[in-house]
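Engineer: Please read through the structure below; I'll follow up with questions.
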Amino acid sequence: MAYRLCLTFSLALCVGFLSACAITAPVAVVSSSGEVLKGKATSSLTSGTFEVTNGRLNCTGTYDPSPGSKLVSVAVKCSDGRSGVGRAIRDTELSGSGTVNMNDGTKATFIFGQGANALQ
């Protein structure tokens, strides 16, 4: 009984530590008019969030961090009232890009990982 209790506690502790681990990567959103918003994306085992800005416009969002999938679903909300959803495709576990369809009819490009660092 003591062994079973110890094993259960150890497993719970491991899961707790793993769910607290997070990875941060650069992210950029480029509007259809060419505005570049840069920031960071943070991913854990259960959720992914990002925040980007160009100093005037701020956007935050969520994405599915499932590392086994090449397809990443993205949702974004911006300080000017716009919002959107889209999809990106992973090039590697920590980088990729895709398109977000905004509620005003425009499109934005979502880039995460090393490609986001290359944007000015």
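Engineer: Please report the net charge: other residues with Cβ closer than 12 Å to the Cβ of Thr99, K and R +1, D and E -1. The partial results should precede the final answer.
Structural biologist: Details: positive: Arg87, Lys107; negative: none.
Cβ neighbours under 12 Å give a net charge of +2.
Engineer: Then there is this: Net charge near Ala25, counting Lys/Arg +1 and Asp/Glu -1 over other residues with Cβ under 11 Å of its Cβ?
Structural biologist: Details: positive: Lys40; negative: Glu93.
Charge balance near Ala25 sits at 0.
Engineer: Assign unit charges at the C-beta atoms only (+1 for Lys and Arg, -1 for Asp and Glu), then state the dipole size of region 25-120 relative to its Cα centre in Debye, rounded to the nearest 20.
Structural biologist: On the way: 9 positive and 7 negative charges, 8 e Å.
So the dipole magnitude of region 25-120 works out to roughly 40 debye.
Bear in mind these aren't lab numbers, they're just calculated from the coordinates by the rules spelled out. This one's a predicted model, so the numbers in the text were calculated from it and none came from an experiment. Backbone-built Cβ (ideal geometry, glycine too); neighbour counts: all protein chains shown.
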